[in-house]
Amino acid sequence: MLKSLLSLGISPLIPVTEQRKIRLLNFLCILLVLVQPFAILSYAVQGNIIGETTSIIDIFGGMITLYMQSKQRFRAARLLIFTYYPLSLFFQITILQAPEIQLFWSTALIGIFLLFDEVFLRKLFFIYIGLLAMMSYYYLNYDFQSPFTWEKFASSTVNIFVVLVALLMATYQMLSFFEKNTMYFQRLIEEKNQEILQQNEEILQQSEYLNEMNRLKDRLFSIIAHDLRNPVAALRNTIDILDPQILSSEELEFVKAELSQQFNSMDFTLNNLLAWARGQIRGETIHPEAIDIRAIVESSVKHSLSASGAKNIVIINEIQEHVQIYADLNHFRFILRNLLNNAIKFSEKEGLITIFAIENEHFITIAVKDKGIGISPEKQKQLFSIHSNFSTEGTQGEKGTGLGLILCKEFVEKNGGKIWVESEVGKGSTFYFTLPTVSKEKNT
């Protein structure tokens, strides 16, 4: 119960130092409410109705302040206690003449001082206290029955003023020094806590990164086990039957073509795995340069003649001459080779593949379009994610790792572009990717 009352108005978003000030004012008000009933009882025994009334007003003042604290009207609550509480002390010490009781409450003035951050309010508070203290002294000690003389008034006033100013200044400096030291250590604690939170955040990020690397490692091992095992087994079985005395020349030609296809499949898989491994190494940098698109496309088409020729697929390069992009040459070649390989893989015999480009001011969109089997909307969502474990056989049972498109996405984004696909089942697919123009890089 007491802990809940002390925490009135406090929320986790409030700074720690501010929370302590709120608890301090709550404590003073709770103390005021709990102790004043004893003062009421004492005044009642004496028959002092004014004292009872004053103590009841004090209780209501403390309760109102607590209510304002609970509604998070902290500044208003502090200003209320700032003005009312010293005035109540002055009234009870002078009019009620109960200095013994109120000496205890006077110590709460130190707490009120610590509630304010503004130097102006602190100085105003001490001036306010000083004036009330001088008035209390005159009321309790000045002989109002004797004739008034300026000499007597001035002498008393100067002495009281000097002593009071010295006392208040010393108290002010002492409290300021105490709070500055407290704030200094509090600031150190908060800085250390912030450092600990930051270190914890870094540890969590590193942990997440390691978990991600473990997932990628598992994915890689799965790819190696699944997609290299079949070609290796096929090669081994093919080598076992290679015997010129058993096979005819036509059969040897067929086996040779089969071996070539299996080798190309393994070579493509290993190259993708190597590119993926390089991409995971931290500190990898790209080396962008001006690239003539048409020349690189022609080179990629020639590199794919073996695979496209086996299916009698026609590849048309519609990209105009002197169209240039600004990108990493190795990345661009890799992207083209993978997209072209996929287009061949998922095209039927005697199919058609078209490569074209769309130019604008800052980017060039390059597209590889086929008229193959197409991709369903569900599978399109999995194409560029390494966690999907998505891999589909080609129209003639060609194997794939699923890494090619993932690396294409990574390389495109590293060069400042984006990649996407438009496809319809049974009608083919078009893969688009953008890369910056040379003019854009010169402008930036």
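The values are calculated or read from the model by the stated rules, or taken from the named source; none is laboratory data. Here the structure is a predicted model, which means the values were calculated and not measured. Every residue, glycine among them, receives a Cβ derived from its backbone with ideal geometry; neighbour counts consider all protein chains shown. These area figures cover heavy atoms from the full protein model, side chains too; ligands, DNA and RNA do not enter into them. Shrake-Rupley method; radii C 1.70, N 1.55, O 1.52, S 1.80 Å.
Take the range 48-63 and flag every residue that is of a type in the set (A, V, I, L, M, F, W, C) and open to solvent by less than 80 Å² (accessible area, probe 1.4 Å). Spell out the reasoning first.
Narrowing the range 48-63 to residues of a type in the set (A, V, I, L, M, F, W, C): 49-50, 56-57, 59-60, 63.
Result: 56, 59.
For the range 386-404, the set of residues classified as open to solvent by 20 Å² or more (accessible area, probe 1.4 Å) and either modelled with pLDDT of 80 or more or among the small types (Gly, Ala, Ser) (or both) consists of 388, 391, 397, 402, listed by residue number. Here residue 383 meets each of (1) open to solvent by less than 40 Å² (accessible area, probe 1.4 Å); (2) modelled with pLDDT of 85 or more; (3) part of a loop (DSSP other than H, G, I, E, B); (4) in contact with a helix residue (DSSP H, G or I) (Cβ under 9 Å, 6 or more places away or on another chain) with one exception, condition (2).
Note on the range 318-353: among residues that are open to solvent by less than 30 Å² (accessible area, probe 1.4 Å) and more than 44 Å from the chain's Cα centre (by Cα), the one that is farthest from residue 414 (Cα to Cα) is 351.
Considering 83, 53, which residue is assigned to a helix (DSSP H, G or I), at pLDDT 85 or above and over 37 Å from the mean Cα position of the chain (by Cα)? Answer to the check: 53.
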